[in-house]
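Only one structure is covered here, and it is reproduced in the block below.
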């Protein structure tokens, strides 16, 4: 596959914009899913089940999305994904109107299907880029999600009571409109056609052979841990804040600042990786994730929730962008969509378990116990990163 940094940069700008619109779509689900679930679910234990359905939908759709990208190309596959998101927003609105918990579960599952395409944007931007540019492009596409920190939460705040007595119904109609706008933006993408003849050097290897790479295995585990911990805490936060007598608006704004923490470092994460190395940046991310747990355990004021959620977002960005950078290395062009899809399947299957656990841990054991779960997983990821860095350093010396 020919390298073309100018084309890669152009696509990255478009994908960053689409990431912002799609992130707004996702933030509506995240900010309201638990609250709507609490209103509609047969039991409070199932309050976060709609968000679990969102994450599960992402996991289930990752491989089909990767298949569509191989068959139709990234642009058309991405537009199909955005179309799914638009339909999902309308179904969510009908579910709220009809007070149907199970229809709302179907809608959030479809929203997760849309997200399966969105999470590939970071990889799509690197398809034709030189290796040195790839971490920056991943970072830039991630930065596009910063717009969702404003669009999504503000959409909820200004529309939640717009269609009385159906709280959040108008928010989901707005979510559908945002996804439809993304279809138009994605139409501007340009990808050169794949070469008609696959050479021996580009022949796709079996997944088992590809995953013998220590780098790839550590990248997948660390990416899964970062995404799962972020989702675990983020999913429970609106419920925890309302349970601590804070307002729905405060809970939505906490999610907004969390999203700022997730995506604002896109301005410089790629530069930090190129300057200091991917392992140091990932380690910093893990330290920040642990810091989230420390702050959350220190108190339940609005400022504690806000600070913890910001640290959670920052820690996720450094760890997840670093892990994604490792996933792009050493792959043949014919392997990229399949391996990247399999990576995301593992990441979001793990995240779905974390999302499902969030409501049950919060209801059964409380906010403090939920945040204690951060530390053992952060320690595991840190040990793996340290081991890989030392292993590669020793290997280089031996060479």
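Rule-based calculations on the coordinates, nothing more; no lab input. Just so it is clear, the structure is predicted and the values come from calculations on it, not from any experiment. Cβ sites come from the backbone with ideal geometry, for glycine too, and all protein chains shown count toward neighbours.
Quick notes
- Here region 55-209 is described by how far its Cα atoms reach on the three principal axes: 62, 29, 26 Å, from widest to narrowest.
- Highest-first packing order for the peptide set 352-365, 307-320, 142-155 is 307-320, 142-155, 352-365, based on the mean count of other beta carbon atoms within 10 Å.
- With the convex hull drawn around the C-alpha atoms of region 248-310, the volume per residue stands at 67 Å³.
- Footprinting exposure proxy for 292, 244 (fewest neighbouring C-beta atoms within 10 Å first): 244, 292
- With the biggest extent put first, the Cα atoms of region 194-322 measure 63, 29, 25 Å across the principal axes.
- Listed peptides 85-95, 24-34, 103-113 by packing density, highest first (mean Cβ within 10 Å): 24-34, 103-113, 85-95
- The alpha-carbon atoms of region 279-398 define a convex hull whose volume equals 109 cubic angstrom per residue.
- Cα-based Kirkwood hydrodynamic radius, region 47-143, one decimal, Å: 14.2 Å
- Between the helical axis of 101-118 and the longest alpha-carbon principal axis of the chain there is an angle of about 30 degrees.
- Debye-formula intensities of the chain, expressed as log10 I(q)/I(0) at q = 0.10 Å⁻¹, are -0.60 (one equal scatterer per alpha-carbon, no solvent).
- Take every pair of alpha-carbon atoms less than 8 Å apart whose residues are at least six positions apart; their mean separation over the length of the chain yields a relative contact order of 26 percent.
- Counting neighbouring beta carbons within 10 Å and listing from fewest to most, the residues 212, 79, 10 come out as 212, 10, 79.
- The largest-to-smallest principal axis extents of the Cα set in region 99-184 are 54, 26, 20 Å.
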